[in-house]
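Presented below is the structure to which this report refers.
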Amino acid sequence: MKKAIIYLIEFLAIQFIVGSVIQGIYVLAKGSITPDASAPLMIASTVVSNLVIIILFLWTRWTPVSMNYVKSRPWGVAFWTILAALGTLLPSMWLQEVLPELPNLIADDLTNIVNTPGGYLAIAVAAPVAEEVVFRGAILRALLQGGRRPWVAIAISAILFAIGHLNPAQMPHAFLIGLLLGWMYYRTGSILPGILFHLVNNTVAYVIERMYPGSDEMTLKDFFGGDERAVIMSVVFSLLILLPSLFQLNLRMRKSSFKV
């Protein structure tokens, strides 16, 4: 548990330090941070800090790297992982709507980042890879090696994953997805399925935000023009994608010693 907490602190500390340094350099060069510069600076901070995190965790082997899982050609797992990621979207949105509303501390920042060049790289590429390297490849791995029961270790890693987002509105979704990603890592010993799932999830969120600015404040009922029946049908349809995908993943993912 101690290692897991240390990894989380390092993850958050690097983001804070890199962000502060980039902002400090900009202020020294320009005198102040203007509204137009805010989103580009956040994108630069996100990309650079996550790159530093990835390099550090791989270099120190806190997250071991191997090509064994790729060599096993897990194309079936990849296919069903993509479908599972798509199938979780609407049920997750619906569940978040029925839960008590939590403060969304980054709503405006997210909208600005999405509508700024480089936003996709920050949200849908850099962040997913870094988070899988840290929360599954290092934190969950440390918890599993610490002798905890697998589902206890997965649950703890999911809680830390939710805390790591530092945004209450994202925490329920992050916890539930963290359970799924943790299970995928436990079954395969690889972070690659989790990275793929995370990339798809964040890409769809990015596209929705581009198409419907401020969509984080919209409900499914808003999306479907107030038709409650359409909302229920859409959630059921998504579950008909998600549940078979999870069944197939359970069949195709084999416990292994792969470390990727």
**Prompt:** Using the Cα gyration tensor of the chain, with a ≥ b ≥ c the square roots of its eigenvalues, what is the shape: rounded (a/c below 1.5), prolate (a/b larger than b/c) or oblate (neither)?
**Reply:** oblate
**Message:** Among Ile5, Asn68, Tyr212, whose Cα projects farthest towards the positive end of the dipole of the chain, with charges put on the beta-carbon of Lys, Arg (+1) and Asp, Glu (-1)?
**Reply:** Asn68
**Complete:** So the carbon and sulfur contribution to the accessible area of the range 56-181, 1.4 Å probe, in percent, is 68 percent
**Fill in**
Here the gain from full extension of Leu240 to Leu28, 0.36 nm per residue of separation minus their alpha-carbon distance, amounts to 70.9 nm
**Fill in**
Checked the range 1-123 with the C-alpha gyration tensor, a ≥ b ≥ c its square-rooted eigenvalues, rounded below a/c of 1.5, otherwise prolate if a/b is larger than b/c and oblate if not; verdict oblate
**Complete:** Per the rule of 0.36 nm per residue minus the C-alpha distance, extending Lys2 to Lys221 adds in nm 74.5 nm
**Item:** Theoretical gain in end-to-end length, Asn68 to Asp36 [0.36 nm per residue, Cα-Cα removed]
**Value:** 7.0 nm
**Message:** Straight-line reach only, C-alpha to C-alpha below 14 angstrom: list the aspartates and glutamates that Lys221 could link to, leaving out same-chain residues fewer than 8 apart.
**Reply:** Glu97
**Request:** Might you report the magnitude of the Cβ-based charge dipole of the chain about its Cα centre, with Lys and Arg at +1 and Asp and Glu at -1, to the nearest 20 debye?
**Result:** 1680 debye
**Request:** Would you mind working out the magnitude of the charge dipole of the range 88-168 relative to its Cα centre, with +1 at each Lys and Arg C-beta and -1 at each Asp and Glu C-beta, to the nearest 20 Debye?
**Result:** 540 debye
**Per DSSP, loop GluC sites (Glu not before Pro) in the range 1-103 with at most 12 further Cβ within 10 Å** = Glu101
**Complete:** For the range 1-108, listing trypsin sites (Lys or Arg not before Pro) in a DSSP loop whose Cβ sees at most 14 other Cβ atoms within 10 Å gives Arg61
**Asked** Which value, in Å², gives the accessible area per residue of the chain when a 1.4 Å probe is used on the protein heavy atoms?
**Response** 52 Å²
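The values are calculated or read from the model by the stated rules, or taken from the named source; none is laboratory data. Predicted, not measured: the structure shown is a model, and the values here were computed from it. Please note: Cβ atoms are built from the backbone with ideal geometry, for glycine as well, and neighbour counts cover all protein chains shown. In case anyone asks, the SASA skips ligands and DNA or RNA and just uses the protein heavy atoms, side chains included. Shrake-Rupley method; radii C 1.70, N 1.55, O 1.52, S 1.80 Å.
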